[in-house]
Amino acid sequence: MLSVIAAAAIATLLLAAMAVVGLERGWWRVAHPDPRRFPVWGVDVSHHQGHIDWARVAREPHLAFAYIKASEGSDWTDSRFRDNASSARAAGLRVGAYHFFGFCSSGREQAAHFLSVTSAERGDPLCDPRGV
């Protein structure tokens, strides 16, 4: 009886190890949409992801765009926004920016802050028709 339990435990550990290695190496994917139904994919990132290897991200099949956090509330700017936006664009992805709304300041103040961070003017990379 003990040998059956030991064999089951070893088999369980091997399967768990194979699952971890398989996910890490991309042998299979969890929660990815069916590319036949959803042929264009994108990512949503912020400073929480740290430094991103955008060339690697852009090589992902079906991945075409990135939405990048620019601001929050009326005074917080994502410290990685500019670098993420320019690096994602350089890697060939289309880029959009987003704002995280807070309840401690007015929508007008927050919109002004978002526009100041994204510099929504001609010549700004985010306003390039190929990028948004």
Taking the Cβ of each residue in 40, 30 as the centre, tally the other Cβ atoms inside 10 Å and list the residues starting with the fewest. 30, 40
Per 0.36 nm of contour for each residue apart, how much would the distance between residue 18 and residue 76 grow if the chain were fully extended, relative to their Cα-Cα spacing? 16.6 nm
In segment 24-92, the trypsin sites (Lys or Arg not before Pro) that fall in loop regions by DSSP, at most 10 other Cβ within 10 Å: 29, 36, 37
Which order do 10, 68, 52 fall in if you start with the one that has the fewest other Cβ atoms within 10 Å? 10, 52, 68
Counting only residues 5 or more apart in sequence or on a different chain, those whose built amide H sits under 5 Å from that of residue 64 are 41, 42
Please work out whether segment 28-74 counts as rounded, prolate or oblate from its C-alpha gyration tensor, where a ≥ b ≥ c are the square roots of the eigenvalues and a/c under 1.5 means rounded, while otherwise a/b larger than b/c means prolate and anything else oblate? prolate
Please list, ordered by chain and number, the residues whose modelled amide H lies under 5 Å from the amide H of residue 97; skip anything fewer than 5 residues away on the same chain. 68
With point charges of +1 on the Cβ of Lys and Arg and -1 on the Cβ of Asp and Glu, referenced to the Cα centre of the chain, which listed residue (57, 105, 84) lies farthest in the positive direction of the dipole? 57
Which one of 96, 50, 22 has the biggest mean-square fluctuation once the chain is modelled by GNM with Cα springs under 10 Å? 22
When only Cα pairs under 8 Å and 6 or more residues apart are kept, what is the percent relative contact order across the chain? 20
I need 1, 18 ordered by Cβ neighbour count within 10 Å, fewest first. 1, 18
Projected area averaged over orientations for the chain, convex hull of C-alpha atoms, nm²: 12.5
Quick one: dipole size for the chain, taken about the Cα centre, charges +1 on Lys/Arg Cβ and -1 on Asp/Glu Cβ, in debye to the nearest 20. 480
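Read-outs: derived from the displayed coordinates by stated rules, not from any lab. Keep in mind that this is a model prediction, so the values were computed, not measured. Backbone-built Cβ (ideal geometry, glycine too); neighbour counts: all protein chains shown.
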